[in-house]
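Down below is the structure, laid out as structure tokens.
The values are calculated or read from the model by the stated rules, or taken from the named source; none is laboratory data. Please read all numbers here as calculations on a predicted model, not as lab measurements. For neighbour counting, all protein chains shown are included, and Cβ atoms are generated from backbone atoms with ideal geometry for every residue, glycine included.
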Amino acid sequence: MSTSQAPRALSLTAALLTGTVALYITLVAFGNITDFGTNQAFVQHVLAMDTTFKDDDLMWRAVTSTGLQNTAYVAIIAWETLAALVLVAGTVLWFRRDDDRARRLSTYGLLMLVLLFGAGFIGIGGEWFSMWQSKTWNGLDAATRVLVLTGIALVVVRLPERSPAI
């Protein structure tokens, strides 16, 4: 590949990875909106810590208020939806060859997912609410897969383009 083709190949790769993550999180948000109860139960059980080891030193962290649990779930869905919109816009900009704006929007959308799946599900859900202890309501493997895909996409999106040799 000539050096003049390298930047376009990188942009295409970034577009496809951004689009893949955009498709995924769009489907997740759509599923959570149209099948609200399935993951609502997941969030409720994780926050209630009702399937953990029930260690007295940890159970004070449990959130058993249905109102707070549902608020957290709606906030997750809103965050997913916003991230999906940002990533779809980023994908469109990649294909329009508006690389600077595409890179910026893609970065924001991917960072939103790093926060949700890394800090939210792995950090807060996994450690603070001890989700790792649950055999039934443990989403750490799924969160890790999404975080890895998102991280790979973010690295590619942030790679500097090489200028063609003169």
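Name the residues in the range 1-29 that are among the polar types (S, T, N, Q) and either modelled with pLDDT under 95 or in contact with a Gly (Cβ under 8 Å, 6 or more places away or on another chain) (or both), would you?
S2, T3, S4, Q5, T18
Only one of R8, R103 is of a type in the set (K, R) and over 22 Å from V148 (Cβ atoms). Can you tell me which?
Being of a type in the set (K, R) and over 22 Å from V148 (Cβ atoms) holds for just one of R8, R103, which is R8.
Which pairs turn up if I take residues in the range 88-100 that are at negative phi and look for partners that are surrounded by fewer than 18 Cβ atoms within 10 Å (Cβ to Cβ) and in a helix (DSSP H, G or I) with beta carbon separation below 6 Å, at least 6 apart in sequence or on another chain?
L93/R101
Only residues that are over 25 Å from G19 (Cα atoms) and part of a helix (DSSP H, G or I): list them for the range 117-166, please.
G123, I124, G125, G126, E127, W128, M131, W132, Q133 - these are the residues of the range 117-166 that are over 25 Å from G19 (Cα atoms) and part of a helix (DSSP H, G or I).
I need the full set of residues from the range 118-128 which are within 15 Å of A75 (Cβ to Cβ) and either crowded, with 20+ Cβ neighbours inside 10 Å or among the acidic types (D, E) (or both), in order please. Write out each step before concluding.
Our first condition is that a residue be within 15 Å of A75 (Cβ to Cβ); within the range 118-128, this holds for 119-121, 124-125.
F121, G125, listed by residue number.
Can you find even one residue in the range 141-155 that is under 16 Å from the mean Cα position of the chain (by Cα), modelled with pLDDT of 95 or more and over 30 Å from A9 (Cα atoms)? So that I can check it myself, show each step before the final result.
Restricting attention to the range 141-155, the residues satisfying the condition of being under 16 Å from the mean Cα position of the chain (by Cα) are 141-155.
If we keep only those that are modelled with pLDDT of 95 or more too, we end up with 141-155.
With the extra rule that they be over 30 Å from A9 (Cα atoms), the set shrinks to 141.
Taking every residue of the range 141-155 in turn, at least one turns out to be under 16 Å from the mean Cα position of the chain (by Cα), modelled with pLDDT of 95 or more and over 30 Å from A9 (Cα atoms).
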